[in-house]
Each structure stands twice: as structure tokens, then as C-alpha cells.
Amino acid sequence: ARARLVTIDGPSGTGKGTLAEQLAERLGWHCLDSGALYRVLGLAAQRQGLALTDAAAVAHLAGALPVHFRAGRVWLAEDDVTEAIRTEQAGQAASRVAAHPPVRAALLDWQRARARPPGLVADGRDMGTVVFPQAPLKIFLDASAEVRADRRYKQLKGKGMDANLPDLVMEIAERDARDRSRPVAPLRAAEDAILIDSSAMSIEEVLDRVLEEVRRVF
Ligand code: C5P
């Protein structure tokens, strides 16, 4: 039987996270938000006073990261970090630690172990290319830079966080450039991924489109 696995990759602000959550809920499958994992690692490294450039130290931390996803909340040991990891600053820290190959290697097994029955929807940057290359259905979700910054802005504001649109446009562009240009696991679509541009689509339209593919593949 085919592994029941759907990967959703793409740059930030395309709605990947929301899509992955809603798809997993519709299918009754598990969900892996790999970006949250890198965000927790960035936060943990900063709290321990590690330099984000210290690949060996951060990889060591990644190998025994006390992270837990429970009932929609994210925990770092005893701390609920659900909100703390969502700031754009935490996104930048995530992107810095994520650029180190030993750090990525240290998180591979943990991510692969999330693939359990009845199935998994995994979202991130390298789900279809590196972590789950055997996934029968791979989605690459994109959107224009303006739309992505605007969505991120509304998402942050909606959570009652500080946000400034011109700053976000710059920060997102910087983070994407780093994610796309890193030598290991750069952000790119897998050759067998289905490309969806969500710039002019609602989240419901994207979900319907992906559900069509799910029915076709599984
Ligand atoms: O998706 P999200 O914005 O939460 O990801 C935060 C950062 O974590 C990304 O900018 C990227 O650098 C890194 N990341 C990654 N690989 C993944 C998921 C996230 O490198 N699979």
C-alpha cells in the first residue's frame, strides 16, 4: 500500500500551515509543522545563550530538544511557547539555525517518526525533497511576495502581535532568500510536486484543490 503521506512545501506566508492543519483534520491524519520545530530550536538556542552561528552546539541541542506538540500547543520542556515562536524574530532565528547541515541532520529521525497510521500531512520547506522523498502526493504552495507579506501581517495582528507591513516585506524577502540559497535542503519544489499559486485563491479553494488530488492519489 502507498504510504499515506502528503507533503506541503513553500515559502513563508503562503498559507501552508493553515492548509496542512485543515487537510489533516479533514482526513483524520497527523500533522507535522516542521517550521515550528525549527522555531522552537531557534528559541531554545537563544535561551541557552548559544550563538546561532555555532552549528555544532545547535546541532547538539537539536539532538535532544525537549519539544512536544500537544492539543494545538507547542511546548519547550515545561514552557508553553506557542505564541513565543510565532514572532518574525523567532522566524529569523529559525531560518538561521535551519541553514546548518548538522542541525538539519539531527532533526531528520524525529520528523520521519511522525509518519504513523492513519497518515501524515507534513508542511515545511524540504518535506517533499529531503524528509519524505517517497511521499505519493507533494504540493508546492506559492504566492506573490505582496500577498504573502500581507497575509503574515494579518496573521500577526490577528494574534494581537506588533507588526509593520514594510518591515515584514523586507524580513520575509530576506528569510526566503536565505532559505532558497542555502546549500543544504534549499527551498525548492520537488520534481514530482504539484504547484499551486494561492495568490488569488481563498484557503477553502486551495483546500478543495488539494482534496481533489488526495482523492486521485490515495
Ligand atoms: O514555516 P515557518 O515560517 O514556520 O518556518 C520558519 C523557518 O524554519 C523557515 O524560514 C526555514 O528557514 C526553516 N524551515 C526549514 N525547513 C523546514 C521548515 C522550516 O528550514 N522544513
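Values for this structure:
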| read-out | value |
| --- | --- |
| HN-Hα J in Hz across the range 67-83 - Karplus 6.51, -1.76, 1.60, θ = phi - 60°, x for Gly and Pro | 9, 9, 10, 9, 6, x, 10, 10, 10, 10, 6, 8, 9, 7, 10, 3, 7 |
| For L195, net neighbour charge (Lys/Arg +1, Asp/Glu -1) across residues whose Cβ lies under 12 Å away | -3 |
| Per residue convex hull volume, Cα atoms of the range 75-218, in Å³ | 140 |
| Footprinting exposure proxy for D79, D109, D176 (fewest neighbouring C-beta atoms within 10 Å first) | D109, D79, D176 |
| Likely footprinting exposure, T18, T53, fewest C-beta neighbours within 10 Å first | T53, T18 |
| Highest average packing first - 152-161, 121-130, 90-99, Cβ atoms within 10 Å | 121-130, 90-99, 152-161 |
| Rounded D (µm²/s) - the range 1-158, Kirkwood Rh over Cα pairs, Stokes-Einstein at 20 °C, 1.002 mPa s | 134 |
| Value of Rg to Rh for the range 101-151 (Rh from inverse mean 1/r over Cα pairs, i.e. Kirkwood) | 1.06 |
| Positive minus negative residues near H68 (Lys, Arg vs Asp, Glu; Cβ under 11 Å) | -1 |
| For the range 1-80 and the range 106-175, distance of Cα centres in Å | 10 |
| Residue order, fewest to most beta carbons within 10 Å, for R73, R178 | R73, R178 |
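Read the figures in this text as sums done on the coordinates, not as results from a lab. All values derive from a computational prediction rather than experimental measurement. Neighbour counts are summed over all protein chains in view; Cβ atoms, including those assigned to glycine, are modelled from backbone coordinates with ideal geometry.
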